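Presented below is the structure to which this report refers.
None of the figures in this text is laboratory data; all of them are computed from the coordinates on show. All values reported here derive from a predicted model rather than from experimental measurement. Glycine gets a Cβ as well: all are built from the backbone with ideal geometry, and neighbour counts include every protein chain shown.
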Amino acid sequence: MKVIKNASQMQKIALKHIRDGDEIGLVPTMGALHEGHISLIAKSVKNDDITIVSIFINPVQFGPNEDYLKYPRPAKKDKEICKKNHVDYVFMPSVNDMLPADHKTFVEVKTLQDILCGSFRINHFRGVATVVAKLFNISCADRAYFGMKDFQQLRIIEKMGKDLNFKTKIIPCSIVRERNGLALSSRNSYLSAEGKKRSLNISKTLKEAVEDFKRKDLNFVRKTVVNKLKKIPGSEIDYTEIVNFDDLSPADKNTKKAVFAVAVWIGKIRLIDNIVMIKDKGR
Ligand code: PAF
């Protein structure tokens, strides 16, 4: 496994692999790797000749009052995890290399970037789309692996890839959860033992909504979730939305496959989670 710290060097290496007929898989991350990332890496190692894991804490996707500076940076452990999981290249560029002071180009995915998390985290998805576009170009990836935990991010990247004719195929990967239901996230490390216990109610509530969605109307499903989330001590809801699975448009009574997406604060920690819901046949 090689660690590459420079974007043009990474691109040269990737282009050489393409010339040699290799297919490249990219797993874009911000580090603090956990089992969720490992499941993406495993898919790439299985599907692709070459697996590149990028580790870049992207400053332009953090708001001014967000956790950019305190975001976990366990670089040594991350490299060990990559090595153990048969990654070929870890791409760890500096901020200056990826976003030099004279960087002027940004990618926006209109509408999709402004709903759900986008209405609370202004410019977040513009930052994500910009850096992911760069990573696609640098890695020359044939496939890129994204977790469904960040469902809105996944749909935004798919739309960007289609609109801008990227050759990179986006591979959606299921959410990995702890046995108790908590969706894995690098930010879970911020949770105290008590906070973690409280946050388990989020996934539990969403799981119960899946059953309600099969038979009950949308209003009931949504209200039930809101009431349950409000009961979690120290919780504050940013949003609870039921959207169409394919395009994140608001669900209605004809929606057969939806995603219930939520963002909830547990004390000072903001958690997002979502679950896919499917109507009973005949309804
Ligand atoms: O999901 C993440 O970790 C980040 O948003 C990503 C896709 C690596 C872009 O910085």
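Can you tell me which residue in the stretch 180-196 is surrounded by the fewest Cβ atoms within 10 Å (Cβ to Cβ), limited to those that are touching a Pro at 6+ places or on another chain (Cβ under 9 Å) and of a type in the set (Gly, Ala, Ser)? Filtering first and then ranking leaves SER189. Screening PRO172 with (1) without any contact (Cβ under 8 Å) to a residue 40 or more places away in the chain; (2) more than 25 Å from ASN244 (Cβ to Cβ); (3) in contact with a strand residue (DSSP E or B) (Cβ under 8 Å, 6 or more places away or on another chain) gives one miss only, at (2).
In the stretch 94-118, the residues that are under 19 Å from ILE157 (Cα atoms) form Cβ pairs under 6 Å with partners that are among the polar types (S, T, N, Q) and surrounded by 12 or more Cβ atoms within 10 Å (Cβ to Cβ), at six or more places apart or across chains, as follows: PHE106/THR130; VAL107/THR130; LEU116/GLN152; CYS117/GLN152. The number of residues in the stretch 242-283 being out of contact with any Gly (no Cβ under 9 Å at 6 or more places or on another chain), surrounded by fewer than 20 Cβ atoms within 10 Å (Cβ to Cβ) and assigned to a strand (DSSP E or B) comes to 6.
Selection of the stretch 8-35 for residues being within 16 Å of the ligand (Cβ to nearest atom), surrounded by 20 or more Cβ atoms within 10 Å (Cβ to Cβ) and outside any loop (DSSP other than H, G, I, E, B) yields MET10, GLY25, LEU26, VAL27, PRO28, THR29. Filtering the stretch 113-159 to residues that are more than 28 Å from GLN11 (Cβ to Cβ) and either out of contact with any strand residue (DSSP E or B) (no Cβ under 9 Å at 6 or more places or on another chain) or of a type outside the set (A, V, I, L, M) (or both) leaves ASP114, CYS117, GLY118, SER119, PHE120, ARG121, ILE122, LYS149, PHE151, GLN152. Screening PHE213 against (1) in contact (Cβ under 8 Å) with a residue 60 or more places away in the chain; (2) of a type in the set (Phe, Trp, Tyr); (3) closer than 30 Å to ARG73 by Cβ leaves a single unmet condition, (3).
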